[in-house]
């Protein structure tokens, strides 16, 4: 069935080595007929997207490696007026650097770039061609016997980007999701643990000026009724993880001896830090 | 088709931590004389270590885990910033030296012949007029790795052979608080500079620790420049072992952002107050190891009096600490409780103000006392430092490794200069500007990393009797301007300094202040021997010459040899291969495995096996059988805890000295580093606290920590890294600015938006930065990573466009009787800047040729 990638976002530490290894391979190195060199800066065939989440001090950063999805239903192929883009039997989508003329006769500019919902195709101002990730096809085809797998895959210290045959990664793919499924492009790049909103906070007793451990926090999805739980730790902290984006929740914080604290509605437009939540003692 | 014959496979050390050692190699592919790629090395057929703990096995992947700067190192080799040929300052000549223009005027190309002629003439003249002891040699400690050709120490050796010099003694710049402070509490001599030895420490941490407090700790930053990303792997170990990570730091740093379970923001350099409040809570509740304090420590009673307020009428309550640190009282209470309840260790890796802040030695000492109060060395209770396995243990490595491998780190004898004060005439790095501008200078302690604690009581003076003062400077890879402060500029321009030579591969940092610049090589341009000293895995490799030298560059070793030859002592520097062979023959590869030099050159790389877990435990038992309870017989400091009476530390009493005997004897009235550590917000030497009146004008505390995207001052010109959002921010003028991290609340107050060009300033000067408005920094604090290349717009007033934040740090040492560095935890204000206004005011500076992605480069400085 061909090559696929499964990217486990939870393991990424944001070292950017994948982004740099890709440049190391493709800047200044000509891998024709697979690809011509990309310019020194400005293109990111593999790009790390950084997401800063929450607010002081409940802050996390999530890093998401992002590249051409090598779609099975790629919009770039039909968009190309000179048929420079093809899909191989192993699933890799390639832009022929000699066939591509950068749509120079068109006023609109490169049509593939416009067609791609993932914005992973770049225009090379010098060579006047469109370029993107080749999944290091030149390496996979054994052009250089000293390297065996795509550079981004090899360099990662945490095995974030898993690469292989569909059959090898089937089990992980079953649990994974794709980006922009509504675009119906059928990507070959799957993601595990894409970030979903959290609601975090800190529960304390204002009379004693102490943090409260063991308070039960419940978030209820007002639309679906689904409930999520968390318990505050020795620092009074709770993080309710993996909620749904743009849903509205009711929150309660309960602890024996205290009046239950309720927040009727909160919408997860982004990650939420509720800050310091006081629990008042029952009289 | 690339045939394998077309491509050469070479190995280069990927470490940038220098000290004449290296980190394990990366694999380099070279095609048609050009570096094709740099990639991880796979450890084929090597038995890796495993640590068995909590029913799990911990090890690292069977490949090198590259540092991002090393992975992109091709960009340093081919940088438009390389010094390609010898350069001479256009307005310098022996007749007309124009010292006042150093750092301002440009350079022209000269031949090696002419360069060596000038150098030889000047050296002979200086020798005759002043004596060679008037030459200050600055040979910086960090940099590329390699046993023979690296710069570290070679230039000192050159002058020792020539007959004399003044040695700039490099300070333990990442460990100052421990060196000048903690050493007086618990000893820890040797290259560990006051930090505790780490023998087999993961055996204990992974098995027993429940809570790890990250303090001054970012394993996702500097570690990688020494040992690759092993620090990140270790953070995964902690997670898998179920260890909770609580990170105390002014910023949600790169490790905190992905690994910490909790971030406790703290104002820079106030950790001492936090430790005192925690001690207060423990004393009030009685929840501390009274027994251990009696049997293993001295001076607790005096400490108790200070903490409870009996000494000064100020009880060190959590409320008191909240006002200073910004940490809420209830968080301090919870931290104190949890530290007792859970088996807690501290973890640190070269952390910011705790090591390089004003009076940082007090913070480090207070930290050790807190550890002692909970029974330092009890199961799970250690201080974890370093995050790299190699060279941090006394008898054993932190991870399972055969002792002969650990012991066999042979480095070039010249490496000694980076850790020892060897010349009869010395100046500590921190006092160089004063030594030039206002001699004589006196101080205590050489500051050399390997110097013993007692040296800190010894008084030194420069210049010695009959010495004419510094008249010439030899700068090898010197980055004083980027990593210390601006006083050095005045010193470089002093008319007393008749001649300055810089030896460097790149036109950056102090190179611009030279009269002659000699082009040095990167590690890709010469053969060398790689012996890993700071690494994740021990490896020995033969580094082939990957490419022909760029331009007319020569290795530092070759340069020293050429100068030596001109001065008639060429024999002092044997042919490099001879030295390499000699060094190789004392490694375990030759002695234990019997591989000859010729055979080794063919093999190119050797990685020894690691012991099995059972063997590792037996090795520790053997140490106990032979030596009793000591380093390596137990993990970390557990051997010390198990001693019935805790003697065995390198202190006068052998015990952990809460009141330091040595300080009481030699500096009994030093209120900046008293025998009992105190929290000192400000004093005679430094006034960098929000509690000081200066804070009215400069109300923000600046933290300047080890950078993520550079290795100190190395690699600021790598375009692939400068594209990363947290590395540089492109201003509306197109220039790539060093980011200043600022909280939204502080930014809004000042009308600053993300991406604005702002000035970070105090009375010492102004540094321009790009605003990075983020929740990852606590309100009231700003953060600028150190090491960005200076790009001076004006010297008087001082305005730097490059973001070299150290230009505005205090020019004074850590405290009255120390010569430690202070470059973090200082008062500043931040404001939006009118860049158009500045451009009109300093048109020349802004019109210099500039590379669009690199900033200042070769053409900025070299004419014609």
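The values are calculated or read from the model by the stated rules, or taken from the named source; none is laboratory data. Quick caveat: nothing in here was measured; it's all calculated off a predicted structure. Here the Cβ positions follow ideal geometry from the backbone for every residue, glycine too, while neighbour counts run over all protein chains shown.
Of the residues making up the stretch A:2-32, those that are more than 7 Å from every other protein chain (Cβ to nearest Cβ), at negative phi, touching a residue at least 40 places away in the same chain (Cβ under 8 Å) and outside any helix (DSSP H, G or I) are A:3, A:4, A:5, A:6, A:7, A:8, A:12, A:31, A:32. Within the stretch B:15-31, if we keep just the residues that are buried (at least 18 other Cβ atoms within 10 Å of the Cβ) and within 12 Å of another protein chain (Cβ to nearest Cβ), the residue that is modelled with the lowest pLDDT turns out to be B:26.
Would you mind finding the one in B:325, B:329 that is more than 33 Å from the chain's Cα centre (by Cα), within 14 Å of another protein chain (Cβ to nearest Cβ) and under 22 Å from residue A:58 (Cα atoms)?
On the way: B:325 fails: more than 33 Å from the chain's Cα centre (by Cα).
Matching residue, one of B:325, B:329: B:329.
Listed conditions (1) over 26 Å from residue B:332 (Cβ atoms); (2) without any contact (Cβ under 8 Å) to a residue 40 or more places away in the chain are all met by residue A:236, apart from (1). Do we have residue A:146 as surrounded by fewer than 21 Cβ atoms within 10 Å (Cβ to Cβ) and in contact (Cβ under 8 Å) with a residue 12 or more places away in the chain here? So residue A:146 does not fit the description; no. Only one entry in B:75, B:63, B:121 is within 14 Å of chain A (Cβ to nearest Cβ) and without any contact (Cβ under 8 Å) to a residue 40 or more places away in the chain, namely B:63. The number of residues in the stretch A:203-212 that are touching a helix residue (DSSP H, G or I) at 6+ places or on another chain (Cβ under 8 Å) and at negative phi comes to 3. Residue under question is residue B:639, and the condition is that it be within 14 Å of chain A (Cβ to nearest Cβ), more than 24 Å from residue B:268 (Cβ to Cβ) and in a helix (DSSP H, G or I); does it hold? No: the conditions fail for residue B:639.
For the stretch B:725-751, enumerate the residues that are in contact with a strand residue (DSSP E or B) (Cβ under 8 Å, 6 or more places away or on another chain) and surrounded by fewer than 21 Cβ atoms within 10 Å (Cβ to Cβ).
As a first pass, look at the stretch B:725-751 and keep what is in contact with a strand residue (DSSP E or B) (Cβ under 8 Å, 6 or more places away or on another chain): B:725-733, B:735-744, B:746-747, B:750-751.
Within the stretch B:725-751, B:725, B:726, B:730, B:731, B:732, B:733, B:735, B:744, B:746, B:750, B:751 meet the criteria.
Among residues belonging to the stretch B:307-320 that are crowded, with 21+ Cβ neighbours inside 10 Å and closer than 30 Å to residue B:653 by Cβ, point out the one that is nearest to the other protein chains (Cβ to nearest Cβ). Steps first, answer last, please.
Start the filter on the stretch B:307-320 by keeping residues that are crowded, with 21+ Cβ neighbours inside 10 Å, which leaves B:307, B:316, B:318.
Filter again for closer than 30 Å to residue B:653 by Cβ, leaving B:307, B:316.
On the way: B:307: 20, B:316: 17 Å.
Among them, the one singled out is B:316.
Looking only at residues of the stretch B:570-614 that are touching a strand residue (DSSP E or B) at 6+ places or on another chain (Cβ under 7 Å) and part of a helix (DSSP H, G or I), we find that the one that is surrounded by the most Cβ atoms within 10 Å (Cβ to Cβ) is B:589.
Of all residues in the stretch B:222-242, exactly one satisfies the criterion of being part of a loop (DSSP other than H, G, I, E, B), crowded, with 24+ Cβ neighbours inside 10 Å and more than 10 Å from every other protein chain (Cβ to nearest Cβ), namely B:222. Screening the stretch A:99-141 for residues that are touching a helix residue (DSSP H, G or I) at 6+ places or on another chain (Cβ under 7 Å) and closer than 30 Å to residue A:13 by Cβ and picking the one that is nearest to the other protein chains (Cβ to nearest Cβ) gives A:136.
Looking at the structure I just gave you, is residue B:424 farther than 30 Å from residue B:58 by Cα and in contact (Cβ under 8 Å) with a residue 24 or more places away in the chain? Yes. Residues in the stretch A:33-80 that are closer than 20 Å to residue A:109 by Cα, within 14 Å of another protein chain (Cβ to nearest Cβ) and within 17 Å of the chain's Cα centre (by Cα): A:44, A:45.
Of the residues examined, residue A:124 is not one that is without any contact (Cβ under 8 Å) to a residue 24 or more places away in the chain and under 24 Å from residue A:20 (Cα atoms). Pairs meeting the criteria (first residue in the stretch B:833-850 and over 19 Å from residue B:798 (Cβ atoms), second residue surrounded by fewer than 16 Cβ atoms within 10 Å (Cβ to Cβ), beta carbons under 9 Å, at least 6 apart or on different chains) are B:836/B:733; B:847/B:839; B:849/B:859; B:850/B:734; B:850/B:859. Between A:244, A:231, A:202, A:254, the distinction of being within 16 Å of residue A:274 (Cβ to Cβ) and touching a residue at least 40 places away in the same chain (Cβ under 8 Å) belongs to A:202 only. Being within 14 Å of chain A (Cβ to nearest Cβ) and part of a loop (DSSP other than H, G, I, E, B) is the filter; apply it to the stretch B:263-279 and report the residue that is surrounded by the fewest Cβ atoms within 10 Å (Cβ to Cβ). The residue in question is B:267.
Report the residue count in the stretch B:190-219 for those that are surrounded by fewer than 24 Cβ atoms within 10 Å (Cβ to Cβ), in a loop (DSSP other than H, G, I, E, B) and modelled with pLDDT of 95 or more. The number of residues fulfilling the criteria is 1. Taken over the stretch B:243-254, the criterion of being more than 8 Å from chain A (Cβ to nearest Cβ) and out of contact with any strand residue (DSSP E or B) (no Cβ under 6 Å at 6 or more places or on another chain) is satisfied by B:249, B:253.
Inside the stretch B:697-800, counting only strands (runs of 3 or more DSSP E) that do not spill past its ends, which hold 1 or more residues that are under 21 Å from residue B:860 (Cβ atoms)? I'd like the intermediate steps shown before the answer.
Details: elements: B:700-703, B:739-742, B:757-762, B:765-773, B:781-783, B:792-794.
Fully inside the stretch B:697-800 and qualifying: B:757-762, B:765-773, B:792-794.
Screening B:605, B:623, B:595 for residues that are more than 21 Å from residue B:60 (Cα to Cα) and touching a residue at least 60 places away in the same chain (Cβ under 8 Å) leaves exactly one candidate, B:623.
Can you tell me which residues in the stretch A:67-94 are part of a loop (DSSP other than H, G, I, E, B) and surrounded by 15 or more Cβ atoms within 10 Å (Cβ to Cβ)? Within the stretch A:67-94, A:68, A:69, A:70, A:71, A:74, A:75, A:80, A:84, A:88, A:90, A:91, A:92 meet the criteria.
Within the stretch B:139-163, being touching a helix residue (DSSP H, G or I) at 6+ places or on another chain (Cβ under 7 Å) and not in a loop (DSSP other than H, G, I, E, B) holds for B:139, B:154, B:155, B:156, B:157, B:158, B:159, B:161, B:162.
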